Amino acid sequence: MSTSEFWFERPRPLSDPEGVSNLAPVTPAATAAASEANILDAYSQAVVNVVETISPTVVSLTAPRGVNRGGQGSGFLITADGYALTNSHVVHGRERMLAITQEGDQLDVDVVGDDPATDLALVRLAARDLPFAPMGDSTTLRVGQLVIAMGNPLGFQSTVSTGVLSAVGRAMRGESGRLIEEVLQHTAPLNPGNSGGPLVDSRGRVIGINTAAVVMAQGLGFAVPVATARWVVGELLKHGWVRRASLGISATVVPVPRGLVRELDLLTDRAIAVVEVDPRGPAGESGLQPGDLIVAANERVVASIDDLHHMLSRLPVAQPVQFTVVRDENKLAVTVQPRHDQ
């Protein structure tokens, strides 16, 4: 046997029986590089897992067959029997839509209910045994956590973008003029067609419904929280519309003279001035009159129409409201029993 068939190993010192000293030293730079690779892998894996789980539940919604114009956007299934959430501005008040699934199937869609005040709509696909997205809890979110937006922007199906949750508790005005409260702000890029798609956390749970992005801005996307969506879905399934407390008035905001503020010991220098009163409505039956200045409700200051909407939206309809009213430079209390209004 020739010497070329042998290989020779550097003798190991007695203090290094395993030959560890022959290995390349582990430097801080190498440790950091390995750590960054692991972080990237974990981030990527989280996104991949979410996409694989949620993508089959996302659908593209378009105008029905034979209609040239109409809403277009995204939606996602929330039950196996075809119920799906989307934006109100996607359905455009229509009774029927067309859904295209990830696999390319085209399904007829009935609009179950539409709530422009929250920019949410509930639709139902003509199919059964469908994959559906699990709902999360938008009340426990933390700024900075990973979020994933899914939808069909500009007609490109099953598009995914990622970002972080940059703020919670925002408010934005819907098409009806009411404020949509507790809105989520995030940095996942949104484009036309993303509307109505899910905003998902790293565990694959829907935390919001994408509704808008600021034009000509980067990293300013907004989503209606899933807590609001749960309430809206319940109302639409039970009643076909979202019940809200109504007073039967039209009103505007006016300044209160400083002398009157001091004289009556008011806590605000702005008031809601009653312009018109429906005599058959709750306010009219309770004695509220045109010209009355509403300065408080249940002893809480209301200095804008948004304040009044905010208070009524959180009040059980069966519960009366005691308004503090200024009439003819006198302060008095008027109790009103709100009613359901569509």
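The values are calculated or read from the model by the stated rules, or taken from the named source; none is laboratory data. Note that the coordinates shown come from a computational prediction; the quantities given were computed from them, not determined experimentally. All Cβ positions, even for glycine, are placed from backbone atoms using ideal geometry, and neighbour counts span all protein chains on display.
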Check your understanding: Out of the residues in the range 106-123 that are in contact (Cβ under 8 Å) with a residue 12 or more places away in the chain and over 21 Å from the mean Cα position of the chain (by Cα), which is farthest from V242 (Cα to Cα)?
Key -> L107
Exercise for review: Could you check, for the range 26-43, whether at least one of its residues is hydroxyl-bearing (S, T, Y) and either at pLDDT 75 or above or surrounded by 17 or more Cβ atoms within 10 Å (Cβ to Cβ) (or both)?
Suggested key: yes
Exercise for review: Report yes if some residue within the range 262-272 is more than 32 Å from the chain's Cα centre (by Cα), at pLDDT 90 or above and under 14 Å from I249 (Cα atoms); otherwise report no.
Suggested key: no
Study note, to complete from the structure: Within the range 261-272, the residues that are out of contact with any helix residue (DSSP H, G or I) (no Cβ under 9 Å at 6 or more places or on another chain), aliphatic (A, V, I, L, M) and surrounded by fewer than 18 Cβ atoms within 10 Å (Cβ to Cβ) are L264
Exercise for review: Can you work out which of the residues in the range 199-214 that are of a type outside the set (D, E) and not in a strand (DSSP E or B) is modelled with the lowest pLDDT?
Suggested key: V214
Review point. What residue, of S195, S166, S246, is surrounded by fewer than 22 Cβ atoms within 10 Å (Cβ to Cβ), polar (S, T, N, Q) and under 25 Å from G113 (Cα atoms)?
Key: S246
Review point. Of the residues that make up the range 233-240, is at least one in contact with a Gly (Cβ under 7 Å, 6 or more places away or on another chain), surrounded by fewer than 18 Cβ atoms within 10 Å (Cβ to Cβ) and closer than 24 Å to G174 by Cβ?
Key: yes
Practice item. Could you please let me know if I148 is among the hydrophobic types (A, V, I, L, M, F, W, C) and within 11 Å of the chain's Cα centre (by Cα)? Key: no
Review point. For the range 81-98, does any single residue satisfy the condition of being in contact (Cβ under 8 Å) with a residue 24 or more places away in the chain, at positive phi and surrounded by fewer than 20 Cβ atoms within 10 Å (Cβ to Cβ)?
Key: no
Check your understanding: Of all helices (runs of 4 or more DSSP H) completely enclosed by the range 235-319, which ones contain at least 3 residues that are closer than 30 Å to G93 by Cα and either in contact with a strand residue (DSSP E or B) (Cβ under 6 Å, 6 or more places away or on another chain) or assigned by TED's automatic domain parsing to the domain that holds R173 (or both)?
Key -> 305-313
